[in-house]
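Worksheet for the structure shown next.
The values are calculated or read from the model by the stated rules, or taken from the named source; none is laboratory data. Please read these numbers as outputs of a predicted model, since none were measured by experiment. FYI the Cβ positions are ideal-geometry reconstructions off the backbone, even for glycines, and counts take in every protein chain you see. Quick note on the areas: whole protein, heavy atoms, side chains included, nothing else; ligands and nucleic acids left out. Shrake-Rupley method; radii C 1.70, N 1.55, O 1.52, S 1.80 Å.
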Amino acid sequence: MLQQIIDRRLAGKNKSIGNRERFLRRYQGQVRDAVRRAVDQRGIRDIEKGEDIHLPRRDISEPIFSHGTGGAREIVHPGNREYVRGDHIERPQGGSGSSGQGQAGDSGEGEDDFVFHLTKEEFMQIFFDDLALPRMTRTQLAETPEMKSHRAGYSNTGTPSNLSVIRSMRGAIGRRVAIGAGSRAELAALQHQLSLLPESGADACEVLARKELERQIGALRARLARIPYLDPIDLRFRNRVKLPVPTAKAVMFCLMDVSGSMDEARKDLSKRFFILLYLFLTRHYEKIDLVFIRHHTQAQEVDEENFFRARETGGTVVSSALVLMDEIIRERYSPDDWNIYGAQASDGDNWHHDSGRCRELLAESLLPKCRYFAYVQVAEEEQNLWEEYARLQEASRHFAMRKVTQPGQIYPVFRDLFKSEGAAA
């Protein structure tokens, strides 16, 4: 059965989807470096856009075949009025000439960079390509379980696309052998009898016997010829069934300090970090819960809009956010069913007696329930909260802490905190 596959995906004018995919696969290292360079020149809120990236031509050059300098060659130089055959032409003075491409310079040579436009989807895919939530595990069957297709042998019915040619031909050969075995054995016996009779016998009985044997042999060959080469009962189709599999349920707690010590610059750094985290989570994972907690002296669970835009402020009691996070976990997110993650951003300025309590809350209540917890300090000064958290980092492998003091440091720190385990290895 002849099958034709028609690709009806829409492609822009003078564009080839296949060529784009091959280009991105072949030069993925150079494209990824160009994306990272482009990120340094745009704001976090402008990440989710397309980009014209520049690739140096030396990075995408390909080997070529050319003629060497050896051997006898005859070359016609158009416009020659000074030289005749046999003359030696001196090399031009002042270095090699310009190729006529690229930008002018002292060396007289150069080439333009190759410009390639990445769409919004391609840019974001490469941007978050090697990031992942650490230590993610599949927990249990959800109320609406995720179904995964598994092979389940072969079936007599199915769609043409699932037809197993090898299995079908194997069944057809077996059927022909089984059906024709008796006839072929009988045919061989008759042919043996026929070979024993003399070919030019004058006896009438021998002539009649030969004709009868030839008639029976012809009938057996006709019967064998009527056995179909491929019968509908021979067709076998690959069968697949859907079985429920454990679903990886995850929740990310975003804790942001909005106290009075957090000036606008520090709040902006915190918001940029969480915007980047929000884009990463919503694009990489279809099913993930996000819990937003703002705190000063008191902590409050808010929605996405208020988390990024509310202007409420006050004193600083960091433990209030950790206590609220622990309460929400007990009420809604059992560690047996959920992969729990936390990300906290603060300037480190805290009520002195509260920092020790923060460390105790993390060590005794939160870190045993969390797969990973990241703390980002948006200030250079190492205050008491940083000192207490540093003790945690030494004792817990799934607790990480970094500093961010400038917008340009957000992306490198974010990649360092959430690089995939494969990339880390």
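A compact table of results
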item: Segment 167-188 residues that are hydroxyl-bearing (Ser, Thr, Tyr), paired with ones that are open to solvent by 30 Å² or more (accessible area, probe 1.4 Å) and assigned to a helix (DSSP H, G or I) (beta carbon under 6 Å, 6 or more apart); result: Ser183/Arg223; Ser183/Leu224
item: Odd one out for Ile173 among (1) surrounded by 18 or more Cβ atoms within 10 Å (Cβ to Cβ); (2) within 48 Å of the chain's Cα centre (by Cα); result: (1)
item: Unique residue being open to solvent by less than 50 Å² (accessible area, probe 1.4 Å) and in a loop (DSSP other than H, G, I, E, B) when the list is Ile227, Ile217; result: Ile227
item: Residue check for Arg210: open to solvent by 80 Å² or more (accessible area, probe 1.4 Å) and either of a type in the set (Lys, Arg) or modelled with pLDDT under 85 (or both); result: no
item: Cβ-Cβ under 9 Å pairs, at least 6 apart or on other chains, segment 326-338 side in contact (Cβ under 8 Å) with a residue 40 or more places away in the chain, far side assigned to a helix (DSSP H, G or I) and open to solvent by 40 Å² or more (accessible area, probe 1.4 Å); result: Trp338/Arg332
item: Filtered residue count, segment 311-366, keeping only those that are farther than 14 Å from Glu387 by Cα, out of contact with any Lys or Arg (no Cβ under 7 Å at 6 or more places or on another chain) and small (Gly, Ala, Ser); result: 10
item: Of all residues making up segment 145-198, the number that are closer than 30 Å to Ala222 by Cα and not in a helix (DSSP H, G or I); result: 3
item: Matching residues in segment 288-325 - criterion: being out of contact with any helix residue (DSSP H, G or I) (no Cβ under 8 Å at 6 or more places or on another chain) and in a strand (DSSP E or B); result: Asp289, Val302
item: Residue that is modelled with the highest pLDDT, among those in segment 304-321 that are open to solvent by less than 10 Å² (accessible area, probe 1.4 Å) and closer than 23 Å to Phe280 by Cβ; result: Ala321
item: Index of the failed condition, Thr282 passing every other in (1) modelled with pLDDT of 85 or more; (2) loosely packed, with under 15 Cβ neighbours inside 10 Å; (3) touching a strand residue (DSSP E or B) at 6+ places or on another chain (Cβ under 8 Å); result: (1)
item: Selection count, segment 203-214, where residues are assigned to a helix (DSSP H, G or I) and either closer than 20 Å to Ala178 by Cβ or charged (D, E, K, R) (or both); result: 5
item: Members of segment 177-197 found to be modelled with pLDDT under 85 and open to solvent by less than 50 Å² (accessible area, probe 1.4 Å), listed by number; result: Leu194, Leu197
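Per-residue answers, yes or no, for (1) touching a helix residue (DSSP H, G or I) at 6+ places or on another chain (Cβ under 6 Å); (2) within 30 Å of Gly314 (Cβ to Cβ):
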position: Arg176; (1), (2): no, no
position: Ala185; (1), (2): no, no
position: Ala204; (1), (2): no, no
position: Arg226; (1), (2): no, no
position: Asp234; (1), (2): yes, no
position: Leu243; (1), (2): no, no
position: Leu269; (1), (2): no, yes
